[in-house]
Every structure is written in C-alpha cells, then in structure tokens.
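J.: Sharing a structure with you now.
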Amino acid sequence: MALIKSISGIRGTIGGDPGKSLTPVDIVHFASAFGTMVASGCEGRTPVMVVGRDARISGEMVSSLVCGTLTGLGIQVVNLELAATPTVEMAITHKRADGGIIITASHNPGNWNALKLLNDKGEFISAEEGARLLKIVGEMKYDFAPVSRLGRVIQDDSMNRVHIDKITELDMVNPERIRKAGFRVVVDCVNSVGGIVLPLLLKAIGVRDVLELYCEPTGIFPHDPEPLPGNLEAISAEVVKQHADVGFVVDPDVDRLAIVCEDGSMFGEEYTLVAVSDYVFRHRKGHAVSNLSSTWALRDVALQQGCTWSAAAVGEVNVVNEMKRTQAVIGGEGNGGVIYPGLHYGRDALVGIALFLSHLAVSGMSCSALRRSYPDYYNSKNKMVLERMEDVDGILAGIREKYSQEKINELDGIKIEFDTEWVHLRKSNTEPVIRVISESRSQERADSLAGQIMEDIGRLMRH
C-alpha cells in the first residue's frame, strides 16, 4: 500500500489503513483542507468548485466523498462526472469557478487514485499554496458550514462539447484540410474518459473514419495505462491491420498523447511536442518551453524555424510559469504533454491531436516520414535507490564537483550539458532516490552516459 502527500495533492493505492494508503479518511481530510483554503479567499460569497474524474473503478467512490465534503464546507460543486483533466481545467474558467479537483491517478495502475488540485485559473496550485494546504491538513483547521449554508451539487455534462468547440475554433486547427486528407485513425483510450471524447473530437475536426480500441469507460484498463511503447502492442498491430494513417493513445485522464505511425512504429512521446511545436512555429514565430528532462529536439526545431526555446524545472506548474514569463506560443513536457496557451495553460491531448492532424494534413507526408524529418535523439531513464535520504544532497554535490568543467544547470537538481548530449539528475522529495535521465544521438551512447553517471554515484555512496 502507498500514500504520497505532496504540495500538488494526494495520491495512493485504494484501501488499507488511514495515513498509509488512500482511504476515505485521507480523501476527506485533503478535500476539507483544499475546500477550506479556497473558501477563505471568497470574501463572504458562496464558493464554486468544479469536480471531475477519470473512469477508474474507485472514481465514483472518491468523487462522492469529495463532493459531499465540499458541500459540507458550504461550497457549490459543479460535478462534471467523467471528464478529462484538460476539460476540468477549462471548465473552471468557463464557469468562473474558484478552483477545482480532478480525481485521477493519471497513468498509474487501476488500484491507484488521486486528488489533483486546481486554482481559479484552471491551473495546478503553486508550491506556496501547496505548503499552505499541507499545514491546514496537519492542523485539521477546517471550516465546515452550518446547515443553513450547506452547498449543493450541480451535475453538468456540457463541458465536453464546449472543450471540443473551442478546439475546432482555433485558427491553427484546419478541419478542411483534415477532411480532404481522408485520414483513417485508430484510437486507444484505455477504457477511460478518452473513449467518450476522442471519437467526438475527431469527427468534429473532419476525420470520417475512426476505429475505436478500448473506448468503453469501464475503468478496467486492458493494459498498463502509461502510454509507453511496451504497452502499445495492440494499437500498433491494429494500425497496420486496418491500413490506418495514424494511431492516437491517451492516458486515463487524457493529458498525455502518444502517436503510432502508419507502419506500426512509435512516433515517440518525446516527439509529440516537437511535431506540434513545429506546426505552430510555421504559423506563428515565438518562444517554446519544455522541462529540463525533455528532448533537445524541440530546441533544434525552434532554432531551425527562427524561434527560441528555454527549459523549466520538471512539473507542469513550472513549465506553465516559464511559458507565461516568456510569453511562449507553445510548450509542454516530453511525456506527450502539449500545452497550447491559445486554448488554456494545461497539458491537453485533445488539442495536441487537432494540431498534429492539421500538421499531417498540411504537410502531405505520412506519419513515419514526418517523424523522420526531425533530428534523432535517444534517452535513457533510470533511478538509483540510496540507503538514506540525507545521502542525496551530498552525492549531488559530489557529481557537481566532478563535472565542474562542464556546463551545469542547477534549476532542478543537476543537469550536465555536453556538446550533443546531457544527463539530468533529480532527487525525489519523498524517498531516497536519484533519477538519472540522459540523452544522446544514439541509444547506446545515452545508455553509456547514464551508466557512467550511475557508476560515479555508486563510488560516492561507498565513501
């Protein structure tokens, strides 16, 4: 059993002992704390919050607890029920709500769930707000309402259509060219909320032939829900079998997008953002942002298009802050997370699909040919478990000293940048672990670079 409390919310496995896994007690505590925090900023008026969930089996139970707790605080709840993370984010601003809670464990297995917390802009709460939340939880200082001021729950199933309509209205989305291209598309929605909205979106932007794989929102995931190559054998085979032009895969809450080419090969999650950014740059010059662990291919494409690029610390809230600071026209993370500020500041697989298909249609290229048009980078993702949490900072300091002659970025852990490759070391905030991510121009070299750094860490651990 597992329970992880952090400044961005709470996540864990369902069942077990309170405080050790995600139980009803823990859910109520966090919902109470966040509701209290949101209500405190509403200056006497009735607060409004949006709640939505993915289709995992525990979602209905968790949603009932969250909605009941919020109404107990005197909050009016707009309950979207089954809804993608980006749809909940957009609903907050559309409804002029004061905040929201997304009930999803994202790509984690079906026995996990989580509360993700959003501010009145539909964005994840800041580190400062998260620290305040944890303080409220620790002190149990909740402000429940008397019976005369209890909130109520309003069911709202309109936001999927609102989300799709706003995407189709974007200048860079080109339904006419998509329609003329006559694309045949396969989708894998891992039996979650993507199965509700992806077919609707694709039809709205001009795709006439949509083949649905795992689109019943039962919450019973047919494979590991993280959209990594090893989990996508079924859609890869189906794309080839059906002579489809492209396949799209989303995680359970539809904020990550993976793409399968017409020959069954993986476009690569790191390259989802690269391709979408390339398309955006062709229509509007500007700045792009990704996180420090994302591929340098985005940097290369930005420079080729006469644009600029910068990196943020890992985490969606950090990428969004850097995008706002630089007035970026596109951004996101190398896990298939596209953030298009022309729509909203949140990772959104739906807008990613619309922009990618527009790019594919306008280019006239096959999906695999489009992928070959971008520079090849390969990454290696690893982690090292240490004996004690306190070892981590000393080990990172030792690595920094050893590679002091190289370019070192300390925005988020330590990133050592060489001419054509890099390695990024980040410590976990909850366990004695160092994550080691490397990138180079070949898989062999990326693995070798990561191995070299891990050997260095091993030697430091022995001293």
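The values are calculated or read from the model by the stated rules, or taken from the named source; none is laboratory data. Computed from a predicted model, the values in this text were never measured in an experiment. Neighbour counts are summed over all protein chains in view; Cβ atoms, including those assigned to glycine, are modelled from backbone coordinates with ideal geometry. Ligands, DNA and RNA are stripped out before the accessible areas are found, and what is left, the full protein with its side chains, is counted by its heavy atoms. Shrake-Rupley method; radii C 1.70, N 1.55, O 1.52, S 1.80 Å.
J.: Looking at 125, 110, 65, which one has the Cα that reaches farthest to the positive end of the dipole of the stretch 47-169 (charges on Cβ: Lys, Arg +1; Asp, Glu -1)?
T.: The residue sitting most towards the positive pole is 65.
J.: Give the accessible area for residue 148 in Å² (nearest 10); use a 1.4 Å probe, count only protein heavy atoms, and leave out ligands, DNA and RNA.
T.: 100
J.: I want the local charge near residue 33. Using Cβ-Cβ distances under 13 Å, sum +1 for each Lys or Arg and -1 for each Asp or Glu among the other residues. Before the final figure, lay out each step's value.
T.: Values: positive: 5, 132, 135, 141; negative: 26, 129, 139, 143.
Cβ neighbours under 13 Å give a net charge of 0.
J.: On to the next question. Calculate the dipole size of the stretch 148-247 relative to its Cα centre from +1 charges on Lys and Arg beta carbons and -1 charges on Asp and Glu beta carbons; express the result in debye to the nearest 20.
T.: Values: 11 positive and 15 negative charges, 81 e Å.
Once rounded to the nearest 20, the dipole reads 380 debye.
J.: Between residue 171 and residue 20, what is 0.36 nm times their sequence separation minus the Cα-Cα distance? Round to one decimal in nm. Walk me through the numbers before you get to the answer.
T.: Working: separation 151, 0.36 × 151 = 54.36 nm, distance 4.83 nm.
Taking residue 171 through residue 20 to full extension adds about 49.5 nm, to one decimal.
J.: Turning to a different aspect of this structure: Excluding residues on the same chain fewer than 8 positions from residue 407, give the aspartates and glutamates whose Cα lies under 17 Å from its Cα.
T.: 417, 419, 421, 439
J.: Subtract the Cα-Cα distance of residue 408 and residue 143 from 0.36 nm times their separation in residues, and report this length gain in nm to one decimal.
T.: Details: separation 265, 0.36 × 265 = 95.40 nm, distance 4.67 nm.
Here the answer is 90.7 nm.
J.: Where does the chain land at 222 nm, in deg cm²/dmol rounded to the nearest 500, when only DSSP H runs of n ≥ 4 count, each adding -39500 (n - 2.57), divided by all residues? Display every interim value, and only then the final one.
T.: Working: 15 runs with 177 residues, N = 463.
That comes out to -12000 deg cm²/dmol.
J.: What is the extension gain from residue 300 to residue 128, computed as 0.36 nm multiplied by their sequence separation minus the C-alpha to C-alpha distance, in nm to one decimal?
T.: Residue separation times 0.36 nm, minus the Cα-Cα distance, leaves 58.5 nm.
J.: Could you list, bin by bin from short to long, the percent of Cα-Cα pairs of the chain in 20 Å steps?
T.: 24, 56, 19, 0
J.: Still on this structure: Using label points projected 7 Å from each Cα along Cα→Cβ, tell me how many nm separate residue 310 and residue 242, to one decimal.
T.: Distance between label points: 4.2 nm.
J.: Right, here's the next one. Between residue 233 and residue 282, what is the label-point separation in nm under the 7 Å Cα-to-beta-carbon projection?
T.: 3.5
J.: What size of dipole, in debye to the nearest 20, comes out for the stretch 1-133 about its Cα centre when the only charges are +1 on Lys and Arg C-beta atoms and -1 on Asp and Glu C-beta atoms?
T.: Details: 11 positive and 12 negative charges, 15 e Å.
Result for the stretch 1-133 is approximately 80 debye, rounded to the nearest 20.
J.: If you don't mind, there's one more thing I want to ask. Please tell me the relative contact order of the chain in percent, rounded to the nearest whole number, where contacts are Cα pairs under 8 Å and at least six residues apart.
T.: Working: 1042 pairs, mean separation 52.8, N = 463.
Relative contact order of the chain: 11 percent.
J.: While we're looking at this one, here's another question. My understanding is that a pair violates if its Cα-Cα distance is over 19 Å; which of 381/427; 5/121; 20/141; 95/324; 383/415; 121/324 do that in this structure? Each step should come with its number before you reach the end.
T.: Numbers: 381/427 14 Å; 5/121 23 Å; 20/141 21 Å; 95/324 23 Å; 383/415 15 Å; 121/324 13 Å.
Violating the 19 Å Cα-Cα cut-off are 5/121; 20/141; 95/324.
J.: For the chain, what is the charge dipole size about the Cα centre, in debye to the nearest 20, if Lys and Arg each add +1 at the Cβ and Asp and Glu each add -1 at the Cβ? Kindly include the intermediate steps, with their values, before the conclusion.
T.: Working: 48 positive and 60 negative charges, 161 e Å.
Dipole of the chain, to the nearest 20 debye: 780 debye.
J.: So, by mean Cβ neighbours within 10 angstrom, what's the order for 15-27, 293-305 with the highest one leading? Don't skip to the answer; put the middle values down first.
T.: Values: 15-27: 16.6, 293-305: 20.8.
In decreasing order of mean packing, 15-27, 293-305 become 293-305, 15-27.
J.: Sticking with this one: Please work out the FRET efficiency for the pair residue 96 and residue 428, using the Cβ-Cβ distance as r and a Förster radius of 41 Å; give the result to the nearest 0.05.
T.: Numbers: r = 37 Å, r/R0 = 0.91.
Efficiency computed from Cβ-Cβ geometry: 0.65.
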